[in-house]
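Only one structure is covered here, and it is reproduced in the block below.
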């Protein structure tokens with residue numbers, strides 16, 4: 001049996017212009033009104049896949065390591081605790097995680113991949129019994145940053161994984177567990193990946209865990225709507241176009257990493273012939 005649960009590392013508040021890129025503010029603010037500092041909320045959503053006796057974590061929030069760069073970029077609020085608290089509420093400890101799939105290595109998706117070792121400044125894998133999976137291209141870009149990307153990648157989140165020998169670098173699509181696939185979805189970063197969870201029953205649709213292929217569901221429905229953070233925005237558009245068709249053909253269930261209004265949805269076509277994502281259940 002394969003089950004997907006939603007987990008949270010809190011809610012972050014980002015500049016709305018960054019979240020919506022070239023989309024004019026009067027358009028996006030009708031959908032997600034900003035606060036007095038022009039910030040919009042983004043859930044730090046992770047997913048727990050339970051499949052064939054394995055606990056598989058997809059993304060791991062912003063973590064708890066001190067980071068002055070993140071502090072200047074966005075605010076994180078945790079009224080219900082962090083990711084490890086959410087796992088504990090499901091009766092799971094870090095030792096119970098068998099695999100961690102990282103859609104990409106930005107600071108708000110890879111934070112809990114490592115944590116500080118007790119009484120030292122060294123970082124170690126947070127999930128000691130897990131294998132970690134990321135695309136090879138993503139790891140290369142994260143370890144070869146430039147002026148555009150250096151404030152989104154933080155080596156303490158991922159280089160200790162390689163040093164500990166628990167990191168697997170993927171070259172394209174890969175089956176992580178029966179019915180659980182990592183699939184390349186480039187655009188936000190060149191090495192971005194999403195996760196497909198296939199049901200054992202043909203009567204149940206697959207689940208597509210988007211990662212930052214679309215920060216908000218409206219960005220999955222509207223091809224031109226991409227964030228200012230996408231490294232390859234034109235590639236994002238073409239990737240979304242392909243996965244829109246895939247999702248429609250299979251009536252797939254979509255999971256958003258950040259949408260605070262529609263965490264889970266399904267892509268439908270309106271009477272006017274436009275795509276939109278409507279709320280759905282896992």
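Here are the numbers for the structure shown:
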quantity: All positions within region 245-261 that are touching a strand residue (DSSP E or B) at 6+ places or on another chain (Cβ under 6 Å) and either closer than 13 Å to residue 209 by Cα or assigned to a strand (DSSP E or B) (or both); calculated: 247, 252, 253, 254, 255, 257, 258
quantity: Members of region 66-83 that are within 19 Å of the chain's Cα centre (by Cα) and closer than 22 Å to residue 151 by Cα; calculated: 70, 73, 74, 75, 76, 77
quantity: Scan of region 177-198 for residues that are under 15 Å from residue 3 (Cα atoms), in contact with a strand residue (DSSP E or B) (Cβ under 6 Å, 6 or more places away or on another chain) and part of a loop (DSSP other than H, G, I, E, B), ordered by number; calculated: 179
quantity: Residue list for region 82-97, filter: in contact (Cβ under 8 Å) with a residue 24 or more places away in the chain and either surrounded by fewer than 20 Cβ atoms within 10 Å (Cβ to Cβ) or within 24 Å of residue 140 (Cα to Cα) (or both); calculated: 90, 92, 94, 95, 96
quantity: Residues of region 21-72 classified as within 30 Å of residue 177 (Cα to Cα), outside any loop (DSSP other than H, G, I, E, B) and in contact with a helix residue (DSSP H, G or I) (Cβ under 9 Å, 6 or more places away or on another chain), total; calculated: 7
quantity: Tally of residues being within 19 Å of the chain's Cα centre (by Cα) and either within 19 Å of residue 59 (Cβ to Cβ) or buried (at least 18 other Cβ atoms within 10 Å of the Cβ) (or both) across region 160-178; calculated: 10
quantity: Within region 265-279, tally of residues that are surrounded by fewer than 19 Cβ atoms within 10 Å (Cβ to Cβ) and either at pLDDT 95 or above or in a loop (DSSP other than H, G, I, E, B) (or both); calculated: 10
quantity: Residue tally, condition surrounded by fewer than 23 Cβ atoms within 10 Å (Cβ to Cβ) and under 15 Å from residue 60 (Cβ atoms), over region 131-143; calculated: 2
quantity: Checklist (1) surrounded by fewer than 21 Cβ atoms within 10 Å (Cβ to Cβ); (2) at pLDDT 95 or above applied to residue 67, failing item; calculated: (2)
quantity: Tally of residues being more than 18 Å from the chain's Cα centre (by Cα) and either within 24 Å of residue 39 (Cα to Cα) or assigned to a loop (DSSP other than H, G, I, E, B) (or both) across region 221-244; calculated: 3
quantity: Members of region 77-101 found to be in contact with a strand residue (DSSP E or B) (Cβ under 6 Å, 6 or more places away or on another chain), in a loop (DSSP other than H, G, I, E, B) and closer than 21 Å to residue 180 by Cβ, listed by number; calculated: 97, 98
quantity: Single match in 260, 215 (criterion: within 30 Å of residue 25 (Cα to Cα), touching a residue at least 40 places away in the same chain (Cβ under 8 Å) and surrounded by 15 or more Cβ atoms within 10 Å (Cβ to Cβ)); calculated: 215
quantity: Subset of region 99-123 that is surrounded by fewer than 18 Cβ atoms within 10 Å (Cβ to Cβ) and in contact (Cβ under 8 Å) with a residue 12 or more places away in the chain - its residue that is nearest to residue 197 (Cα to Cα); calculated: 116
quantity: Residues (under 18 Å from the mean Cα position of the chain (by Cα) and farther than 11 Å from residue 158 by Cβ) located in region 101-125; calculated: 101, 103, 108, 112
quantity: Residues being surrounded by fewer than 14 Cβ atoms within 10 Å (Cβ to Cβ) and touching a strand residue (DSSP E or B) at 6+ places or on another chain (Cβ under 8 Å) - total across region 199-212; calculated: 1
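The values are calculated or read from the model by the stated rules, or taken from the named source; none is laboratory data. Just so you know, these numbers come straight off a predicted model, no measurement behind them. Because the Cβ atoms are built from the backbone with ideal geometry, glycine has one as well, and the counts that use them run over all protein chains shown.
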